[in-house]
Amino acid sequence: MPPEWAEQSSIQLTWPHENTDWREYLNEISEVYVNMADAITRHEQLLIVTPEPETVKGQLQGKLTDCQLSKITFHKCKTNDTWARDHGFITLTGDGVPVLLDFRFNGWGEKFPANLDNAINKSLYQQGIVKGQYVDKNDFVLEGGSIESDGKGTVFTTSQCLMAPHRNQPMTRDEIEQKLKESLKAERIIWINHGHLEGDDTDGHIDTLVRTAPNDTLLYVSCKDKTDSHYTDLKLMEDELKELRTIDGRPYRLLGLPMPNPIFDGEDRLPATYANFVIINGAIIYPTYGQTDNDNKAARILSEAFPDRELIGIDSCPVIRQHGSLHCCTMQLFS
């Protein structure tokens, strides 16, 4: 499984529409998606999955140049929601032909309807839009946001997600680890046992907490406020990361991302995180939350990890209203 910073062939977005949970603020979330499409098509190809391609084209035409629009492929099909990270193909590379792993997506442990989203991958493949060796893995639930690869044989995940109810019970942790190694061609699985974000529907996806970067670097959410409800668990997660070693026995380079100031929807705290950035060819698209100091600090730390990439900040306050952020909205493909 390649790292996300490997050369990509395209990025997938599954576009919001009025029959999704975005309906109450469809204009706001559509603007976020247009901004993501703008950033992506400045650097690479874009695949847009939507039941309403003509509507989406209309949204994009006022913002993107003709050159950018020419980089977009549309796939018309019905969708439940928009979280491409979790229903999209997980791609393996290395033998000249990409291997397209189609795992089962069941709405994060049967929390939400997912039958349409789980069918997107097969539809893309059958219509020849995505090319490679298709591998049906629908006997196993795995979301792309729950795993991170360093491209050198190590895959990171969280025990609270992969062991959560209604995923793959009654499989044991050892059985799940063996399945991951076999499916992802991994030499080892590193399980993170601490860390959570209030308002997270995914049971602790790794891409909200810890991300891999070149040169054996791990970026992670760091909470410095001892009065914050996240402080204790995130400190335990930080301690775990300090004890980890690379596959050749060296400590990881650790870069702590700031914890955004709390953002609420009514009484519910939303899972804002700077770890949910997107790596594309030549750039990093990172979430901002209208918090100048924290937004700028996150950008500086991301530039340390990816000094050769442009930084593109996109306001993600609308996205976290549905308990995700930018990385959750995207899935990279490799050729």
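Tyr231 - would you say it is free of Cβ contacts under 8 Å to residues at least 12 places away in the same chain and touching an Asp or Glu at 6+ places or on another chain (Cβ under 9 Å)?
Criteria met by Tyr231.
Can you give me the number of residues within the stretch 158-195 that are farther than 16 Å from Leu244 by Cα and open to solvent by 20 Å² or more (accessible area, probe 1.4 Å)?
Number satisfying all stated conditions: 17.
I'd like to check something: does the stretch 98-114 contain any residue that is β-branched (Val, Ile, Thr), open to solvent by less than 70 Å² (accessible area, probe 1.4 Å) and within 21 Å of Ile189 (Cα to Cα)?
yes
Which of the residues spanning the stretch 244-259 are without any contact (Cβ under 8 Å) to a residue 24 or more places away in the chain and either touching an Asp or Glu at 6+ places or on another chain (Cβ under 7 Å) or not in a strand (DSSP E or B) (or both)?
Result: Asp248, Gly249.
Determine, yes or no, whether Lys78 is under 25 Å from Ile320 (Cα atoms) and touching a His at 6+ places or on another chain (Cβ under 9 Å). Steps first, answer last, please.
Numbers: under 25 Å from Ile320 (Cα atoms): yes; touching a His at 6+ places or on another chain (Cβ under 9 Å): no.
Spelling it out, it is not the case that Lys78 is under 25 Å from Ile320 (Cα atoms) and touching a His at 6+ places or on another chain (Cβ under 9 Å).
As an exercise: evaluate Leu64 against (1) of a type outside the set (Val, Ile, Thr); (2) surrounded by 20 or more Cβ atoms within 10 Å (Cβ to Cβ); (3) within 20 Å of the chain's Cα centre (by Cα) and give the number of the one condition it does not meet.
(3)
Report yes if some residue within the stretch 104-127 is assigned to a strand (DSSP E or B) and in contact with a Phe, Trp or Tyr (Cβ under 7 Å, 6 or more places away or on another chain); otherwise report no.
yes
How many residues are surrounded by 15 or more Cβ atoms within 10 Å (Cβ to Cβ), of a type in the set (S, T, N, Q) and not in a loop (DSSP other than H, G, I, E, B) when one looks only at the stretch 196-243?
Selection size over the stretch 196-243: 4.
Go through (1) under 27 Å from His230 (Cβ atoms); (2) open to solvent by less than 60 Å² (accessible area, probe 1.4 Å); (3) touching a residue at least 24 places away in the same chain (Cβ under 8 Å) and name the single condition Gly151 misses.
(1)
Does any residue of the stretch 79-93 turn out to be at pLDDT 95 or above, crowded, with 17+ Cβ neighbours inside 10 Å and farther than 30 Å from Lys179 by Cα?
Looking for residues that are at pLDDT 95 or above, crowded, with 17+ Cβ neighbours inside 10 Å and farther than 30 Å from Lys179 by Cα, one finds none in the stretch 79-93, hence no.
Picking from His17, His43, which residue would you name as being open to solvent by 40 Å² or more (accessible area, probe 1.4 Å), part of a loop (DSSP other than H, G, I, E, B) and at pLDDT 95 or above?
On the way: His17 fails: open to solvent by 40 Å² or more (accessible area, probe 1.4 Å).
The match here is His43.
Looking at Ser303, Ser316, Ser335 in this structure, which one is without any contact (Cβ under 8 Å) to a residue 24 or more places away in the chain and either surrounded by fewer than 17 Cβ atoms within 10 Å (Cβ to Cβ) or farther than 26 Å from Asn215 by Cα (or both)?
None of the others qualify; the one that does is Ser303.
Is there any pair linking a residue in the stretch 24-41 that is of a type in the set (Asp, Glu) to one that is part of a helix (DSSP H, G or I) and open to solvent by 10 Å² or more (accessible area, probe 1.4 Å), with Cβ under 6 Å and at least six apart or on different chains, and which?
Within 6 Å, the pairs are Glu28/Pro318.
Residues Pro262, Pro271: which one is assigned to a loop (DSSP other than H, G, I, E, B) and buried (at least 17 other Cβ atoms within 10 Å of the Cβ)?
Working: Pro262 fails: buried (at least 17 other Cβ atoms within 10 Å of the Cβ).
It is Pro271.
When you scan the stretch 133-143, do you find a residue that is open to solvent by less than 10 Å² (accessible area, probe 1.4 Å) and closer than 24 Å to Ile301 by Cβ, even just one?
no
Only one residue in Asp293, Asp308 is part of a loop (DSSP other than H, G, I, E, B), of a type in the set (D, E, K, R) and either modelled with pLDDT under 95 or over 14 Å from Ser222 (Cα atoms) (or both), so which one is that? It would help to see each step written out before you state the result.
Values: Asp293 fails: part of a loop (DSSP other than H, G, I, E, B).
Only one candidate qualifies: Asp308.
The values are calculated or read from the model by the stated rules, or taken from the named source; none is laboratory data. Just so you know, these numbers come straight off a predicted model, no measurement behind them. Positions of Cβ are backbone-derived with ideal geometry, glycine not excepted, and every protein chain shown enters the neighbour counts. We work out accessible area using only protein heavy atoms, side chains counted, and drop any ligands, DNA or RNA first. Shrake-Rupley method; radii C 1.70, N 1.55, O 1.52, S 1.80 Å.
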